[in-house]
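What follows is a set of notes on a single structure, which appears directly below.
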Amino acid sequence: MDLQVVGDYREMSELGAKIVSETIQEKKNAVLGLATGSTPEGMYARLVEKYRRGDLDFKSVVTFNLDEYVGLAPDHPQSYHYYMKRNLFDHVNLDPVNISIPTSSSDETLEEACRQFDKKIEHAGGIDLQLLGIGVNGHIGFNEPAPYLKTATHLVELAQETIEANSRFFQSKEEVPRKAVTMGLGSIMAADKILLLANGKNKAPAVRDSFSGLVSTETPASLLQLHRKVTIVIDREAASLL
């Protein structure tokens, strides 16, 4: 595990963008696992800047997003479909055919849609670089703390801490969806490389619990300690309890 502590959010975003850029430059058809939320927004902005300068080409890149809320249409301002278009997809030359986001709005059953999502990852050859954030309760994707964790893409009931943390994006806590579809720990851990970003004092307890040497399904991110190529980039505030 490569733990890198940087000064602030700007430095975290720049280093994250550098790692993603190097992956694409080394492999033009790189398969990226993408995350949403406030943490990677700065990184996505820097990737867009690199593309506009001509330093980065997304034409052959393949992407798989970690998760999506159940019950939100793709054009809903708080859906992760919308988030990705606003922060990255609408600003670079990614081929829409190469973009995959878990969805519950399908003619197929939700269970079948999840299976097909995992098959698409397998057909793409697996994920070269998986980007992750971390929840205040240690979740990655929407894999919430639990006695047991699922390996495949699946439906999940969101934890109360997650609902409260995400309510800042909605007009009220009542509007936050209670369910989501998330990539499972199997696909995440099968990625060739993993990059986790975290910033702010509110993430410090989760960072401490995840990377202090103990592994527990009650802190899903702690399983990353078992991965062979994981890079953790955090600012000083997120690292304050290590």
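As an exercise, take the mean of 1/r over every pair of distinct alpha carbons in region 166-242, invert it, and state the Kirkwood radius in angstroms. Each step should come with its number before you reach the end.
Values: mean 1/r = 0.0707 Å⁻¹.
Value: 14.1 Å, from the Cα pair sum.
Along the Cα→Cβ direction, 7 angstrom out, place labels at Arg228 and Arg115. What is the inter-label distance in nm?
3.0 nm
Among His227, His154, which comes first, then next, by fewest other beta-carbon atoms within 10 Å?
Least crowded to most crowded, the residues run His227, His154.
Residue by residue through region 220-234, what is 3J(HN,Hα) from phi via Karplus (6.51 cos²θ - 1.76 cosθ + 1.60, θ = phi - 60°)? Round to whole Hz and write x for glycine and proline.
Values, residue by residue: x, 5, 5, 5, 4, 4, 8, 7, 6, 9, 10, 10, 10, 10, 9 Hz.
Based on Cβ point charges of +1 for Lys and Arg and -1 for Asp and Glu, what charge dipole magnitude is obtained for region 82-240 about its Cα centre, in debye rounded to the nearest 20?
Working: 17 positive and 20 negative charges, 98 e Å.
Computed charge dipole of region 82-240: roughly 480 debye.
Using 0.36 nm per residue of separation minus the Cα-Cα distance, give me the extension gain between Tyr148 and Lys18 in nm, one decimal. Please list the in-between numbers first.
Values: separation 130, 0.36 × 130 = 46.80 nm, distance 3.47 nm.
Here the answer is 43.3 nm.
Multiply the residue gap between Glu175 and Gln160 by 0.36 nm, knock off their C-alpha separation, and tell me the result in nm, one decimal place. Could you put the intermediate results ahead of the total?
Numbers: separation 15, 0.36 × 15 = 5.40 nm, distance 1.32 nm.
So the extension gain works out to 4.1 nm.
How large is ³J(HN,Hα) for each residue in region 90-96, as worked out from phi by the Karplus curve 6.51 cos²θ - 1.76 cosθ + 1.60 (θ = phi - 60°), to whole Hz, x for Gly and Pro?
Those phi angles translate into 6, 10, 10, 9, 5, 6, x Hz.
Rounded to the nearest angstrom and ordered from largest down, what semi-axes does the equivalent ellipsoid of the chain get from its C-alpha gyration tensor (root of 5λ)? Walk me through the numbers on the way to the answer.
On the way: eigenvalues 107, 104, 66 Å².
Over the Cα atoms of the chain, the ellipsoid semi-axes are 23, 23, 18 Å.
Every number here is computed from the coordinates shown, using simple stated rules; none is lab data. The structure displayed is predicted, hence computed values, not measured ones. When we count neighbours, we look across all protein chains shown, and the Cβ atoms used for this are built from the backbone with ideal geometry, even at glycine.
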